[in-house]
Amino acid sequence: MAFKLATSPDFVALVNTELPGDNGKPIKASFHVKFKRLSTSEFDELAKALNEKDEDDTPKITNQEIVDQVLTGFGEDLQDEDGRPLDFNSDTVAALCDIFPMRNSIVEAFFAGYVRAKAKN
């Protein structure tokens, strides 16, 4: 397969998560999102920020800040209570991230996209 230097600014990834359910039985959920495709320097900067801590031992960047930087859209399979695709805007991102453990699952899906891409090369 030929490589074209002009790649799209985004990539689609599958988010897999488990929500707390009744009687300790988790509810499995999955949906697609779009992420900003980072340059090597942007990715390295993000990874560095993840590993750095402030004086009070808190990470220099939070998972919410990562979501805010890299999440660019929702797939059609992320829907509202009426079965309509969820609009992508700051309110719906905030509402989604407020559901435990969605924020962490979104960040994991972002990094998994890069790890899988690196592993395939």
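Each value in this text was obtained by applying a stated rule to the coordinates, not by laboratory testing. Keep in mind the model is a prediction, meaning the values are calculated, not measured. Using ideal geometry, Cβ is built from the backbone for each residue, glycine included, and neighbour counts are taken over all protein chains shown.
Just a few scattered comments:
- Sequence of Thr40, Thr62 once ranked by neighbouring C-beta atoms within 10 Å, starting from the fewest: Thr40, Thr62
- Among the listed pairs Lys34/Lys60; Lys36/Lys60; Lys4/Lys36, those beyond 22 Å (Cα-Cα): Lys34/Lys60
- Structural descriptor for the chain: relative contact order 26 percent, calculated from alpha carbon pairs under 8 angstrom and at least 6 residues apart.
- Theoretical FRET efficiency, 1/(1+(r/R0)^6), r = Cβ-Cβ of Ala47 and Asp87, R0 22 Å, to 0.05: 0.10
- Note that the stretch 1-62, at 37 °C in a medium of 0.692 mPa s, gets a Stokes-Einstein diffusion coefficient of 214 µm²/s from its Kirkwood radius over C-alpha pairs.
- Largest GNM mean-square fluctuation across Glu52, Glu81, Glu42, computed for the chain with C-alpha springs under 10 Å, falls on Glu81.
- Percent of Cα pairs exceeding the 18 Å cut-off, where the set is the chain: 58 percent
- Sites listed here are trypsin sites (Lys or Arg not before Pro) in the stretch 1-107 whose DSSP assignment is loop and whose Cβ has at most 13 other Cβ atoms within 10 Å: Lys4, Lys60.
- Here the Karplus curve 6.51 cos²θ - 1.76 cosθ + 1.60, taken at θ = phi - 60°, turns the phi angles of the stretch 23-39 into couplings of 6, x, 8, x, 9, 7, 9, 8, 6, 9, 9, 10, 10, 5, 7, 8, 6 Hz, with x standing for Gly and Pro.
- Residues whose amide H falls under 5 Å from that of His32, counting only those 5 or more places apart or on a different chain, are Val15, Gly75, Asp77, Leu78, with hydrogens built in the peptide plane.
- The simple spin-label model puts a point 7 Å past each Cα toward its Cβ; for Asp80 and Lys25 those points are separated by 3.1 nm.
- Subtracting the Cα-Cα distance of Ser39 and Lys60 from 0.36 nm times their residue separation leaves 5.5 nm of extension gain.
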